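The values are calculated or read from the model by the stated rules, or taken from the named source; none is laboratory data. Since the model is a prediction, treat every value here as computed from it, not as a measurement. Heads up, the Cβs are rebuilt from the backbone with ideal geometry, glycines too, and the neighbour counts pull from every protein chain shown.
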Amino acid sequence: MDEKEIMSLFKSEYEARNILEASRKRIDEIDNDLVNLISERTSLAKDIVSAKVFLGMEIYDKSREDAIHNKVNKLAHEKNIDDDILSDIMNMLTILSKNKQKEILEE
Ligand SMILES: C=C(O[C@@H]1C=C(C(=O)O)C=C[C@H]1O)C(=O)O
């Protein structure tokens, strides 16, 4: 999009400020949802690590993480999101889960 095209999107400064404010409000709501979802994902650690101990499995499961990365890579392409960045985010989520699983075993 060139600058001329962007400038034609709004009729006034007032309108542009309103769009900015409404978009930021929606981002705040989405961030809230994301944190709640991350918390829910991480809180599955107790059930997961308990089942793994019973089954004699390690906390780290490479094949499961590879499957998650493949799935998210496909979604990144479908949604036109940078796949390396989405992969980094998934890595962070798996670290949260593994750290929580370790913490539970140390209790
Ligand atoms: C949650 C698990 O434990 C680890 C964390 C994973 C995750 O956060 O998705 C996936 C595989 C494991 O390395 C699991 O095995 O499912």
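Summary table
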item: Verdict on Lys79 being at pLDDT 95 or above and within 12 Å of the ligand (Cβ to nearest atom); result: no
item: First in region 55-80 and closer than 18 Å to Gln101 by Cβ, second anywhere and charged (D, E, K, R), Cβ under 8 Å, 6 or more apart; result: Glu58/Lys52; Ile59/Lys52; Ile59/Lys98; Ile59/Lys102; Tyr60/Lys98
item: Hey, Ile81 β-branched (Val, Ile, Thr) and not in a loop (DSSP other than H, G, I, E, B) or not; result: no
item: Which numbered condition Phe10 fails, given (1) away from the ligand (no atom under 16 Å from the Cβ); (2) aromatic (Phe, Trp, Tyr); (3) surrounded by fewer than 10 Cβ atoms within 10 Å (Cβ to Cβ); result: (3)
item: Per-region count, region 13-66, residues within 16 Å of the ligand (Cβ to nearest atom) and of a type in the set (D, E, K, R); result: 11
